[in-house]
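For reference, the structure discussed in these notes is given below.
The values are calculated or read from the model by the stated rules, or taken from the named source; none is laboratory data. Just so it is clear, the model here is predicted, and its values are computed rather than measured. All Cβ positions, glycine included, derive from the backbone under ideal geometry; neighbour counts span all protein chains shown.
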C-alpha cells in the first residue's frame, strides 16, 4: 500500500489495522523528516519506505501477505 501527502499538511503518518469490530492496532509511525519509522511489535512482517519528492511517498510493505491481511 502507499500513501502520498504534502509535508506542508503534516509531518507524521500513522498506519493502523483493524479486524472486524475490534479496536485498531498501531502498526507504524513515520516522519517526513526521517527515512526510518517507529514500528509496533504487533507484526514484524510490516516494513515502511519513505521517499521525499515534491510530496512525501510512504510505502507499507507486508512480507508473506496472508488472506487475513485483505480489506473489505
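Scanning segment 60-71 for residues that are loosely packed, with under 14 Cβ neighbours inside 10 Å and not in a loop (DSSP other than H, G, I, E, B) yields 61, 67, 68, 69. Taking the listed residues 40, 8, 32, 22, the one that is over 10 Å from the mean Cα position of the chain (by Cα), farther than 14 Å from residue 69 by Cβ and modelled with pLDDT of 85 or more is 22, with no other qualifying.
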